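The values are calculated or read from the model by the stated rules, or taken from the named source; none is laboratory data. Nothing here was measured: the structure is a model prediction, and the numbers come from that model. Using ideal geometry, Cβ is built from the backbone for each residue, glycine included, and neighbour counts are taken over all protein chains shown. Just the protein is used for accessible areas: all its heavy atoms, side chains included, with ligands, DNA and RNA removed. Shrake-Rupley method; radii C 1.70, N 1.55, O 1.52, S 1.80 Å.
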Amino acid sequence: MNGPTEPGGNGERTADLTVVNVEVEGRPGCTVHIERGRIASVETTPFGSSPTGTDLLEGGGGALLPGLHDHHIHLFSLAARDHSVLCGPPSVQDRSALAATLATAVGDLERDRSSSTWIRGYGYDESVAGPLTADVLDDLLGGQRWRPVRIQHRSGHQWVVNRSGLEALGLDRGEAGTMATAGALGVDGVEVGADGRPTGALYDADAVFRRGVRGDLPSLAATSDRLSRYGVTGVTDATASNGPEELAAVEKAVAGGELHQSVHMLGGALPERTGGPVSAGAVKLMLEDRQLPALDSLVSSIRAAGRRGTALHVVTRESLVLAATALSVAGGGPHRIEHASVAPPEVIDLLRPLPVTVVTQPGFIGEHGDRYRRDVDLADREWLYRLRAWDRAGIPLAGSTDAPFGQLDPWSAMVAAVTRRTALGHQIGRGERLTPERALSLFLGHPTDPGGRVRTVSAGSPADLCLLAQPWKDARTELGRHLVRATIRAGRVVYLAGP
């Protein structure tokens with residue numbers, strides 16, 4: 001169902017709509033009138049008549065919530081997954097399975113003999129075949145090693161390409177620089193061996209692929225439809241390499257109706273954008289433990305961000321200590337800490353007085369918890385992806401999925417926040433459990449103020465809404481994507497579940 005549309009600001013298409021028989025903030029039997037993409041009124045009196053020219057949506061007594069906002073996601077990486085092969089668990093468990101997967105991918109491209117057509121893999125884990133290099137990939141490919149291949153690590157921050165891939169990227173002739181120390185990083189995050197040649201491993205090297213891999217950015221239409229099915233009306237794209245090209249592509253996708261969600265973008269060389277369905281915010285800074293920046297350098301980068309503030313990628317206790325120290329020296333803000341994967345009490349105390357919000361991924365406990373129990377030091381396990389600890393410290397907290405590096409389902413993240421259970425049923429950080437209401441609120445923050453005041457279904461608010469199939473008292477015990485009956489963005493129904 002789609003209501004009548006009319007032009008809105010910044011390329012948005014808005015609509016007039018009346019939603020009847022819904023629960024709003026615990027009040028049953030409400031009627032919500034939407035005009036020009038905003039909520040005109042919320043009435044608790046019995047529904048009378050819908051204004052002329054307005055569409056009608058029967059709510060069936062379900063809870064009407066603000067649309068969910070995923071505060072850390074990677075849109076173009078998500079879209080690219082549709083043209084990629086999984087190269088890690090659960091589908092690929094060992095070296096032979098990886099070789100078979102690559103052989104199948106080569107076979108699928110058999111009719112395309114162009115040496116520029118890449119095989120793109122994702123989700124690799126060292127448990128499959130150990131550390132990957134260009135030579136290991138060539139061994140796995142055998143007679144098909146002429147085909148350029150790039151495989152992304154499950155973390156999303158490392159790619160490994162084979163020798164043909166290095167050639168296609170122009171990295172086989174020494175452009176990465178000469179270094180004497182094996183494992184050192186050369187230009188653009190390219191790992192160089194002791195012989196001065198690239199090993200095939202590239203870290204946070206989007207710039208390298210942008211130069212060397214031809215092709216437009218992928219369509220966001222299918223990704224947007226999936227988000228709508230989960231009740232998501234807005235996302236924050238936290239890709240560090242976001243720049244003018246990505247911003248323009250997102251603006252075009254929103255203006256053309258391909259992308260239903262509003263988008264707040266983090267990144268580096270982004271032009272400033274405020275208001276409207278597409279905005280640009282904090283400068284994304286990567287604190288990778290493989291090559292942590294010096295304190296002075298990080299302080300300078302934070303100060304250079306100015307009023308935009310920074311979003312610091314932090315996944316270990318060492319990088320969190322560095323981030324807290326640098327933020328306390330640099331001042332300014334507000335700032336964001338992305339992930340805060342390991343947060344012991346003494347580091348939380350360092351962050352307490354700072355103007356900082358933590359954006360974390362509670363779903364990782366459910367998705368990766370069993371691997372954490374195997375691989376993470378016992379001393380750190382208790383501090384993984386904490387939730388209640390941030391609330392107790394008075395530090396604003398927001399939720400996200402980090403998709404495609406996590407599952408594109410905020411409801412499963414909420415379940416993990418409530419239960420703290422792994423896929424095999426083990427519990428990690430029992431004391432970090434949240435109530436269903438608090439878990440939901442992690443995804444109800446404003447795009448530019450994650451962890452701040454939650455959005456509400458009230459007169460004057462944008463008509464970005466998620467209609468559930470049940471009242472909240474019933475839905476809170478299930479917290480599943482199957483509960484989403486309809487998603488409304490700027491007054492338009494962009495998803496409606498079947499009967």
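Quick grid of which residues meet (1) in contact with a strand residue (DSSP E or B) (Cβ under 7 Å, 6 or more places away or on another chain); (2) within 29 Å of Asp370 (Cβ to Cβ); (3) buried (at least 19 other Cβ atoms within 10 Å of the Cβ):
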| position | (1), (2), (3) |
| --- | --- |
| Glu432 | no, yes, yes |
| Ala439 | no, yes, yes |
| Leu442 | yes, yes, yes |
| His446 | yes, no, no |
| Gly452 | yes, no, no |
| Ala459 | yes, no, no |
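Of everything in the stretch 132-149 that's part of a loop (DSSP other than H, G, I, E, B) and in contact (Cβ under 8 Å) with a residue 60 or more places away in the chain, which residue is least open to solvent (accessible area, probe 1.4 Å)?
Taking the stretch 132-149 first, the residues part of a loop (DSSP other than H, G, I, E, B) are 132-133, 145-148.
Those left that are additionally in contact (Cβ under 8 Å) with a residue 60 or more places away in the chain: 132-133.
Details: Leu132: 18, Thr133: 45 Å².
Among residues in the stretch 132-149 that are part of a loop (DSSP other than H, G, I, E, B) and in contact (Cβ under 8 Å) with a residue 60 or more places away in the chain, the one least open to solvent (accessible area, probe 1.4 Å) is Leu132.
Tell me yes or no: at least one residue of the stretch 382-391 is in a helix (DSSP H, G or I), of a type in the set (Lys, Arg) and open to solvent by 40 Å² or more (accessible area, probe 1.4 Å).
Among the residues of the stretch 382-391, at least one is in a helix (DSSP H, G or I), of a type in the set (Lys, Arg) and open to solvent by 40 Å² or more (accessible area, probe 1.4 Å), which makes the answer yes.
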Problem set entry | Criterion: outside any strand (DSSP E or B), within 15 Å of Leu86 (Cα to Cα) and at pLDDT 90 or above - qualifying residue of Ser127, Ser155 | Ser127
Exercise. Does Arg430 satisfy being of a type in the set (Lys, Arg), more than 25 Å from Gly281 (Cα to Cα) and without any contact (Cβ under 8 Å) to a residue 12 or more places away in the chain?
Worked result: yes
For this session: Could you please let me know if Ala486 is part of a strand (DSSP E or B) and either surrounded by fewer than 24 Cβ atoms within 10 Å (Cβ to Cβ) or aliphatic (A, V, I, L, M) (or both)?
Result: yes
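Do we have Arg371 as of a type in the set (Lys, Arg), over 21 Å from Leu434 (Cα atoms) and touching a strand residue (DSSP E or B) at 6+ places or on another chain (Cβ under 8 Å) here?
Values: of a type in the set (Lys, Arg): yes; over 21 Å from Leu434 (Cα atoms): yes; touching a strand residue (DSSP E or B) at 6+ places or on another chain (Cβ under 8 Å): no.
For Arg371, the condition - of a type in the set (Lys, Arg), over 21 Å from Leu434 (Cα atoms) and touching a strand residue (DSSP E or B) at 6+ places or on another chain (Cβ under 8 Å) - is not met.
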Exercise. Do we find that Leu227 is part of a helix (DSSP H, G or I) and crowded, with 16+ Cβ neighbours inside 10 Å in this structure?
Worked result: yes
Exercise. Is at least one residue of the stretch 275-283 at pLDDT below 95, under 18 Å from Tyr385 (Cα atoms) and either surrounded by fewer than 16 Cβ atoms within 10 Å (Cβ to Cβ) or among the hydroxyl-bearing types (Ser, Thr, Tyr) (or both)?
Worked result: no
Problem set entry | Single condition Gly369 does not satisfy, out of (1) part of a helix (DSSP H, G or I); (2) surrounded by fewer than 19 Cβ atoms within 10 Å (Cβ to Cβ) | (2)
Exercise. Would you call Glu251 farther than 29 Å from Ile365 by Cβ, assigned to a loop (DSSP other than H, G, I, E, B), modelled with pLDDT of 95 or more and open to solvent by 50 Å² or more (accessible area, probe 1.4 Å)?
Worked result: no
Exercise. Taking the stretch 1-47 as the search range and keeping residues that are open to solvent by 60 Å² or more (accessible area, probe 1.4 Å), assigned to a loop (DSSP other than H, G, I, E, B) and modelled with pLDDT of 60 or more, which one is nearest to Arg455 (Cα to Cα)?
Worked result: Glu25
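Taking the stretch 489-499 on its own, how many of its residues are open to solvent by 10 Å² or more (accessible area, probe 1.4 Å) and touching a strand residue (DSSP E or B) at 6+ places or on another chain (Cβ under 6 Å)?
Going through the stretch 489-499, the residues open to solvent by 10 Å² or more (accessible area, probe 1.4 Å) turn out to be 489, 492, 494-499.
If we keep only those that are touching a strand residue (DSSP E or B) at 6+ places or on another chain (Cβ under 6 Å) as well, we get 489, 492, 494-497.
Selection size over the stretch 489-499: 6.
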Exercise. Looking at (1) closer than 28 Å to Pro499 by Cβ; (2) at pLDDT 95 or above, which is the only condition His71 fails?
Worked result: (1)
For this session: Scan the stretch 461-483 for residues that are touching a residue at least 24 places away in the same chain (Cβ under 8 Å), out of contact with any helix residue (DSSP H, G or I) (no Cβ under 8 Å at 6 or more places or on another chain) and open to solvent by 60 Å² or more (accessible area, probe 1.4 Å) and jot them down.
Result: Pro462
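Quick one: in the stretch 307-335, of everything that is assigned to a helix (DSSP H, G or I), open to solvent by 40 Å² or more (accessible area, probe 1.4 Å) and out of contact with any strand residue (DSSP E or B) (no Cβ under 6 Å at 6 or more places or on another chain), which residue is nearest to Ser241 (Cα to Cα)?
Filtering the stretch 307-335 down to residues assigned to a helix (DSSP H, G or I) leaves 307-308, 317-330.
With the extra rule that they be open to solvent by 40 Å² or more (accessible area, probe 1.4 Å), the set shrinks to 307-308, 317-318, 321, 325, 328-329.
Next, from what is left, pick out any that are out of contact with any strand residue (DSSP E or B) (no Cβ under 6 Å at 6 or more places or on another chain): 307, 318, 321, 325, 328-329.
Details: Arg307: 20, Glu318: 24, Val321: 24, Thr325: 25, Ser328: 26, Val329: 26 Å.
Only one residue fits best here, namely Arg307.
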